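The values are calculated or read from the model by the stated rules, or taken from the named source; none is laboratory data. Remember, it's a predicted structure, so these values are computed and weren't measured experimentally. A quick note on method: Cβ atoms are made from the backbone with ideal geometry, for glycine too, and the neighbour counts reach across all protein chains shown. Accessible surface is based on the protein model in full, side chains and every heavy atom, while ligands, DNA and RNA are left aside. Shrake-Rupley method; radii C 1.70, N 1.55, O 1.52, S 1.80 Å.
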Amino acid sequence: MPAALAGPLGRLRSALETISLGQKVVIGLLVAGLGLGGFFFYNWITTPTMAPLFSNLASTDASAIVDELNASGASYELADGGGTILVPNEQVYDLRLAMSGKGLPAGSDTGYALLDEQGITTSEFQQQTQYQRAIEGELANTLESLEGVRQAVVHVALPKDEVFATDEEDPTASVLLDLAPGTQLSGQQIQSVTNLVASSIEGMSPEQVTVSDTSGQLLSAAGQGVTAASGDARSQVETDYESRLAANAQEILDTVLGPGHARVSVRADVDMNRTQENSTVYADSGAPPLSEQNTSEEYTGSGAAVGGVLGPENAADAGAGGGDSTYTTEGNTANNSVNTTVTNTEFAPGAIQRLTVAVVLDGTVAGNLNQAQVQDLIGNAVGLDQARGDDISVASMPFDTTAADEAAAEMAAAREAEKNAQMWSLVKTGAIGLGIALLVLVVWLRSRRRGEEEDEPLEFDDDVMAELERLRVASTRDETTVLDRVTDNRALELEAAERARVRGEISTMVSERPDEVAQMLRGWLSESGAKS
């Protein structure tokens, strides 16, 4: 062993021999904890931060990129079911350039990139087809960016241009969505898809877009629009309105009968159609006429009256009916100002067409309750309108409380079990804490007692101290001194009896207090070694 390590190792060994077993255990646990913590900290420090290299990859592209990464020895991780490849953050740009140099990800040219491949010999049919494919690709890429949509396929039907506007047809589109597992689009999201597609194509309306998913579920039908969105909105409005009215009525019944002794159900028929009403009303203003015209005509004359029978018989009557005639005609035309009122009224959706309310009372509690009063109270609480056709029914019958009693018993048992678990958890925690405290206390008391014993001087009589001093001095003398003393037989004989007595006392002391004697001897040996 090198001399430079002998001293520190000796001191460490001496220090370990002086401490107790409990202190050794505590020191060992602390060293193990520090080593384990340092190991995890080192792993955390040395683990690189991962960043996406490519996302939304096709299976073929992901496989090719993984092969290239394995060949180059770069570390990577897969996420999103293999669609995303993660690499160390500091290597992202270098690896992207390397993969791009090898044509990865290859993918397929979609969107308006297809228009870059046209040449001067491209026919009109090819140009139209490429343009249609470009629109479909761009729409598919846009829809795939929506949350929950893994892949989208869009087909667009563009009608041919016609000479007459009346012969033109509307463009249509169909969308197929591959949704992530557990994803279900709401009506508002489906409406967003239809509006997004329709707004991207000239002349297309959202009603001309058909949306379906890979499971075959029809989300939006052409010609019908997004029925799911309106259905969801209608259902939400009705549910909110019914819940609000039922809560008002339930509060009254709970106050009268107590909680759990009455049940109210409200059914609301909500009109979600948006309507508009136009009306024009005319009224006399009473103001002077805007313009007025008076006409008057008078006539005075004589002559035979016109009439008679055709033919020869007319001559006989030619002189009949003769005489003077006079008439006067007067007329007045006045253009009066008229008040005109034009009213345009637009009714927002959400009007209540009919309400039906059902009230059930617990017969065991509401036996003497006046049901007519209950009906009036509930009708006023929900705003019942008899003219609108609203209806309410109140019935009293005993409630079946079996399920409620079982649920209450289960809840009580669960609360008791939770309470017991919390109590045992506290007991375990307290026991562990108490054990640790006792262990620390025992270790501390032992170390303190050992320190007190070490500090306490050995109380020997004078003869014992003289013999011990003689042994200590004898151990430090050289061999010559020892031989001289050995040859002095007479001195040894005189001291033999006394030494025997002292040695007996030393043996008794060693057997009774071995730790103190050993510690004292180690100190003497250390001093003698230092002097030599």
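Could you check, for the range 22-36, whether at least one of its residues is loosely packed, with under 11 Cβ neighbours inside 10 Å and either among the acidic types (Asp, Glu) or over 30 Å from Trp444 (Cβ atoms) (or both)? Checking the range 22-36: not a single residue is loosely packed, with under 11 Cβ neighbours inside 10 Å and either among the acidic types (Asp, Glu) or over 30 Å from Trp444 (Cβ atoms) (or both). When you look at Val281, is it surrounded by 15 or more Cβ atoms within 10 Å (Cβ to Cβ) and either over 21 Å from Gly350 (Cβ atoms) or in contact with a Ser or Thr (Cβ under 9 Å, 6 or more places away or on another chain) (or both), yes or no? Here the answer is no, as Val281 does not meet what is asked.
The set of residues in the range 60-108 that are open to solvent by less than 30 Å² (accessible area, probe 1.4 Å) and part of a loop (DSSP other than H, G, I, E, B) comprises Ala74, Gly83, Leu104.
Among residues of the range 366-394 that are open to solvent by 60 Å² or more (accessible area, probe 1.4 Å), those with a Cβ under 6 angstrom from a residue that is part of a helix (DSSP H, G or I), sequence gap 6+ or separate chain, pair up as Leu377/Ile252. Annotation for the range 410-425: at least one member residue is within 30 Å of Ala358 (Cβ to Cβ) and either in contact with a Ser or Thr (Cβ under 8 Å, 6 or more places away or on another chain) or at pLDDT 65 or above (or both). Could we say that Ser425 is over 17 Å from Leu245 (Cα atoms) and part of a helix (DSSP H, G or I) here? Yes: the conditions hold for Ser425. Residue pairs whose Cβ atoms lie under 6 Å apart, sitting 6 or more positions apart in sequence or on different chains, and linking a residue in the range 133-155 that is in a strand (DSSP E or B) to a partner that is open to solvent by 60 Å² or more (accessible area, probe 1.4 Å), are Ala152/Glu144; Val153/Leu176.
Residue by residue, here is whether (1) at pLDDT below 80; (2) surrounded by 10 or more Cβ atoms within 10 Å (Cβ to Cβ); (3) within 30 Å of Gln375 (Cβ to Cβ) holds:
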{"residue": "Val270", "(1), (2), (3)": "no, yes, yes"}
{"residue": "Gly286", "(1), (2), (3)": "yes, no, no"}
{"residue": "Ser296", "(1), (2), (3)": "no, no, no"}
{"residue": "Ser302", "(1), (2), (3)": "yes, no, no"}
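The set of residues in the range 372-422 being of a type in the set (Asp, Glu), in a helix (DSSP H, G or I) and under 24 Å from Ser243 (Cβ atoms) consists of Asp376 alone. The residue that is farthest from Asn294 (Cα to Cα), counting only those in the range 324-340 that are part of a strand (DSSP E or B) and out of contact with any Phe, Trp or Tyr (no Cβ under 8 Å at 6 or more places or on another chain), is Asp324. Taking the numbered list (1) surrounded by 10 or more Cβ atoms within 10 Å (Cβ to Cβ); (2) not in a helix (DSSP H, G or I) in turn, Ala437 passes all entries but (2). The residues of the range 350-367 that are assigned to a loop (DSSP other than H, G, I, E, B) and either in contact with a His (Cβ under 6 Å, 6 or more places away or on another chain) or at pLDDT 90 or above (or both) amount to a single one, Val365.
Taking the numbered list (1) open to solvent by less than 70 Å² (accessible area, probe 1.4 Å); (2) touching a residue at least 12 places away in the same chain (Cβ under 8 Å); (3) over 30 Å from Val443 (Cβ atoms); (4) part of a helix (DSSP H, G or I) in turn, Asn43 passes all entries but (2). Counting the residues of the range 179-222 that are outside any loop (DSSP other than H, G, I, E, B), among the polar types (S, T, N, Q) and under 15 Å from His155 (Cβ atoms) gives 6.
Of all residues in the range 333-364, those satisfying the criterion of being charged (D, E, K, R) and open to solvent by 50 Å² or more (accessible area, probe 1.4 Å) are Glu346, Arg354.
Just give me the residues in the range 231-289 being among the hydroxyl-bearing types (Ser, Thr, Tyr) and not in a helix (DSSP H, G or I), in sequence order. Those that are among the hydroxyl-bearing types (Ser, Thr, Tyr) and not in a helix (DSSP H, G or I): Ser265, Thr275, Ser279, Thr280, Tyr282, Ser285. If you go through the range 142-179 and pick out every residue that is loosely packed, with under 13 Cβ neighbours inside 10 Å and hydrophobic (A, V, I, L, M, F, W, C), you end up with 3.
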